[in-house]
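Colleague: Below is one structure. I have some questions about it.
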Amino acid sequence: MNLELLLPLLIYLLLVLGIGYWASRRRRGGDFMQEYFIGNRSMGGLVLAMTLVATYTSASSFIGGPGAAYKIGLGWVLLAMIQLPTVWLTLGVLGKKFAIIARRVNAVTINDMLWARYQSKAVVVLGSVTIILAFIATMVVQFIGGARLLETATGLSYQQGLLLFASCVLLYTIIGGFRAVVMTDALQGIIMLIGTGALLAGVLIAGDGLPNLLHRLEVIDPKLVSPQGAGDMLTQPFMLSFWILVCVGVVGLPHSALRCFGYRDSKALHRGILIGTIVSALLMFGMHLAGALGRALLPAMDSPDKIMPALMMEVLPPWLAGIFLAAPMAAIMSTIDSQLIQASATLVKDLWLNYLSPKQSQEKLEVRVPRLSLITTLILGALVLLAALQPPEMIIWLNLLAFGGLQAVFLWPLVLGLYWPRANGQGALASMVAGLLCYGILSQWGIKLAGLHAIVPSLGLGLAVFVLISLLTPAPGQTVRQLFDRD
């Protein structure tokens with residue numbers, strides 16, 4: 001076991017546990033659900049920016065993306081920068097109006113907003129089931145990624161790495177709630193920046209500068225320094241698909257959209273857009289450029305996905321490598337904690353409180369909701385941990401399906417619900433069903449219409465169905481229209 005590498009990581013894990021404890025001490029009095037699931041809408045600009053970037057950045061950003069850049073070259077670095085506007089789009093499209101209406105209707109979850117807009121139980125139930133299933137699938141894969149990372153870099157066994165990683169995430173999420181999640185996300189964003197900067201600097205120093213590294217890449221394969229990439233993989237349909245899936249479609253991810261509920265005021269929103277865009281640019285550019293240049297230093301990797309841990313061990317001293325190890329760990333943890341707290345809110349608030357036990361007295365709710373929320377979060381985390389101990393092969397496919405499925409279900413109901421007064425519950429439900437079925441069928445059978453990823457035709461079909469059904473069915477009631485139309 002590499003203790004010199006493990007020590008900075010253990011210090012980092014203790015820090016996030018300390019933040020969880022601090023957040024639990026702040027959670028006293030007031031509305032439990034407002035505090036536990038949304039942090040009393042008190043995020044400032046820096047925390048808003050960091051939690052949105054950290055939530056969006058996952059294991060794929062630190063492992064899969066740089067691995068693709070290693071294989072394809074600098075063209076993938078340019079492609080990755082398509083993700084640059086994600087914070088601006090999410091906060092710009094949803095942010096202000098989402099926050100205003102969420103306060104009017106006292107919304108705690110995304111499904112609260114869908115109910116206020118569409119007044120449809122079917123929309124809420126379908127949305128809830130989609131969130132729970134998609135988040136469980138992605139959390140299992142993130143748990144596996146965190147455990148594998150610890151196993152590879154520190155010498156811990158897979159089971160030891162999984163238990164250490166999962167215990168830390170579950171503890172600070174359960175005891176601290178949303179406030180702990182966003183505060184640890186802020187810390188994790190800073191750790192990711194430090195780790196990315198350290199690794200890129202180490203690669204440039206080890207390779208005797210950028211010009212020398214680029215020359216080595218050109219010797220290996222001239223396509224590695226071309227915009228089309230190795231094998232001319234970066235075609236126009238591929239780039240369009242990527243732009244939709246990881247940029248525009250991110251507006252429809254519930255755990256990103258939920259961040260629009262929790263900021264303090266307009267100043268925090270504007271600051272969050274600026275800081276988040278800058279941080280996102282630095283992370284995406286730094287991570288993917290390090291992966292692409294790593295091909296010049298380590299040209300014989302058997303798997304591109306191993307390039308980041310391999311570079312970490314190659315170009316950094318052990319103590320600094322330990323800091324970098326915390327960076328992908330932070331990316332993984334910040335995705336899991338956001339999904340875990342929202343899945344818990346979906347079960348407790350959207351399903352149990354609204355449909356399974358809707359007529360309880362206020363006194364009973366004040367006693368039962370906190371206890372049930374904590375137990376639900378613990379049970380969800382335990383189920384994900386158990387699945388990660390012996391992961392079935394289909395989990396990988398579920399992970400690939402989950403994010404596109406969330407976009408196919410939620411993008412148009414969220415965006416059109418805010419900006420199109422004619423949108424109604426029938427149109428939203430039809431769009432959700434059509435988008436999800438189209439995405440599932442195309443993904444399952446590997447069908448690519450005109451070379452496009454399944455998300456593109458799925459969102460196109462979802463939009464067409466939404467508009468058509470909404471126009472053919474009655475318009476929303478006057479109360480709903482006044483609620484969403486007035487500033």
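Colleague: Answer yes if at least one residue in region 83-94 is open to solvent by less than 10 Å² (accessible area, probe 1.4 Å), of a type in the set (G, A, S) and either touching a residue at least 40 places away in the same chain (Cβ under 8 Å) or within 30 Å of L240 (Cβ to Cβ) (or both), and no otherwise.
Modeller: Scanning region 83-94, I find no residue that is open to solvent by less than 10 Å² (accessible area, probe 1.4 Å), of a type in the set (G, A, S) and either touching a residue at least 40 places away in the same chain (Cβ under 8 Å) or within 30 Å of L240 (Cβ to Cβ) (or both), so the answer is no.
Colleague: Still on this structure, I have one more. From the residues in region 177-216 that are on the phi > 0 side of the Ramachandran plot and at pLDDT 90 or above, which one is nearest to the chain's Cα centre (by Cα)?
Modeller: G209
Colleague: Kindly indicate the residue of region 97-119 that is outside any helix (DSSP H, G or I) and among the β-branched types (V, I, T) and also nearest to D350 (Cα to Cα) among those meeting that condition.
Modeller: It comes out as T109.
Colleague: Filter region 290-310 for residues that are part of a helix (DSSP H, G or I) and surrounded by fewer than 23 Cβ atoms within 10 Å (Cβ to Cβ) and give the result.
Modeller: The answer is A296, L297, P304, D305, K306, P309, A310.
Colleague: When you scan region 397-414, do you find a residue that is open to solvent by 30 Å² or more (accessible area, probe 1.4 Å), at pLDDT 90 or above and closer than 27 Å to L133 by Cα, even just one?
Modeller: For region 397-414, residues open to solvent by 30 Å² or more (accessible area, probe 1.4 Å), at pLDDT 90 or above and closer than 27 Å to L133 by Cα: present.
Colleague: A follow-up question, please. Which of the residues belonging to region 296-309 are under 25 Å from the mean Cα position of the chain (by Cα) and of a type in the set (A, V, I, L, M, F, W, C)?
Modeller: I307, M308
Colleague: Another one. What pairs come out if I take residues in region 417-433 that are within 15 Å of L471 (Cβ to Cβ) and open to solvent by 10 Å² or more (accessible area, probe 1.4 Å) and pair them with residues that are of a type in the set (K, R) and part of a helix (DSSP H, G or I) whose C-beta lies under 8 Å away, six or more apart or interchain?
Modeller: Filtered contacts from region 417-433: P421/R481.
Colleague: If you don't mind, there's one more thing I want to ask. Residue check: is I341 crowded, with 24+ Cβ neighbours inside 10 Å, of a type in the set (V, I, T), in a helix (DSSP H, G or I) and touching a Gly at 6+ places or on another chain (Cβ under 9 Å)?
Modeller: In short, yes.
Colleague: In addition: Mind listing just one residue for me: the one in region 134-165 that is outside any helix (DSSP H, G or I) and in contact with a helix residue (DSSP H, G or I) (Cβ under 7 Å, 6 or more places away or on another chain) and, of those, most open to solvent (accessible area, probe 1.4 Å)?
Modeller: S157
Colleague: Can you tell me how many residues within region 311-326 are surrounded by 24 or more Cβ atoms within 10 Å (Cβ to Cβ) and farther than 13 Å from L200 by Cα?
Modeller: 3
Colleague: Specify which of the listed residues (V129, V108, V140, V123) is free of Cβ contacts under 8 Å to residues at least 12 places away in the same chain and among the β-branched types (V, I, T). It would help to see each step written out before you state the result.
Modeller: Working: V108 fails: free of Cβ contacts under 8 Å to residues at least 12 places away in the same chain; V140 fails: free of Cβ contacts under 8 Å to residues at least 12 places away in the same chain; V123 fails: free of Cβ contacts under 8 Å to residues at least 12 places away in the same chain.
Sole residue among the options that is free of Cβ contacts under 8 Å to residues at least 12 places away in the same chain and among the β-branched types (V, I, T): V129.
Colleague: Would you mind stating whether V219 is in a helix (DSSP H, G or I), surrounded by fewer than 23 Cβ atoms within 10 Å (Cβ to Cβ) and without any contact (Cβ under 8 Å) to a residue 24 or more places away in the chain? Spell out the reasoning first.
Modeller: On the way: in a helix (DSSP H, G or I): yes; surrounded by fewer than 23 Cβ atoms within 10 Å (Cβ to Cβ): yes; without any contact (Cβ under 8 Å) to a residue 24 or more places away in the chain: yes.
Spelling it out, V219 is indeed in a helix (DSSP H, G or I), surrounded by fewer than 23 Cβ atoms within 10 Å (Cβ to Cβ) and without any contact (Cβ under 8 Å) to a residue 24 or more places away in the chain.
Colleague: Also, quick follow-up: Pull up region 249-289, narrow it to residues that are touching a Leu at 6+ places or on another chain (Cβ under 9 Å) and among the basic types (K, R), then point me to the one that is surrounded by the most Cβ atoms within 10 Å (Cβ to Cβ).
Modeller: Checked region 249-289; the qualifying residue surrounded by the most Cβ atoms within 10 Å (Cβ to Cβ) is R259.
Colleague: Check A69 against each of (1) open to solvent by 40 Å² or more (accessible area, probe 1.4 Å); (2) at pLDDT 85 or above; (3) under 30 Å from P304 (Cβ atoms) and name the one condition it does not meet.
Modeller: Among (1) open to solvent by 40 Å² or more (accessible area, probe 1.4 Å); (2) at pLDDT 85 or above; (3) under 30 Å from P304 (Cβ atoms), A69 violates only (1).
Colleague: Quick one: which residue in L89, L78, L94, L46 is closer than 20 Å to A331 by Cα and either modelled with pLDDT under 85 or in a helix (DSSP H, G or I) (or both)?
Modeller: Answer to the selection: L46.
Colleague: Given (1) out of contact with any strand residue (DSSP E or B) (no Cβ under 7 Å at 6 or more places or on another chain); (2) more than 23 Å from F403 (Cβ to Cβ); (3) assigned to a helix (DSSP H, G or I), identify the lone condition not met by D208.
Modeller: Every listed condition holds for D208 apart from (3).
Colleague: Separate question: I want to confirm something. Restricting to region 461-487 and keeping residues that are in contact (Cβ under 8 Å) with a residue 24 or more places away in the chain and either of a type in the set (D, E) or assigned to a loop (DSSP other than H, G, I, E, B) (or both), which single residue is most open to solvent (accessible area, probe 1.4 Å)?
Modeller: Once the filter is applied, the top-ranked residue is D487.
The values are calculated or read from the model by the stated rules, or taken from the named source; none is laboratory data. The model shown is predicted, which means the values in this text are computed figures rather than measured ones. Here the Cβ is made from the backbone with ideal geometry for all residues, glycine too, and neighbour counts use every protein chain on show. Surface areas here come from the heavy atoms of the whole protein model, side chains and all, with no ligands, DNA or RNA. Shrake-Rupley method; radii C 1.70, N 1.55, O 1.52, S 1.80 Å.
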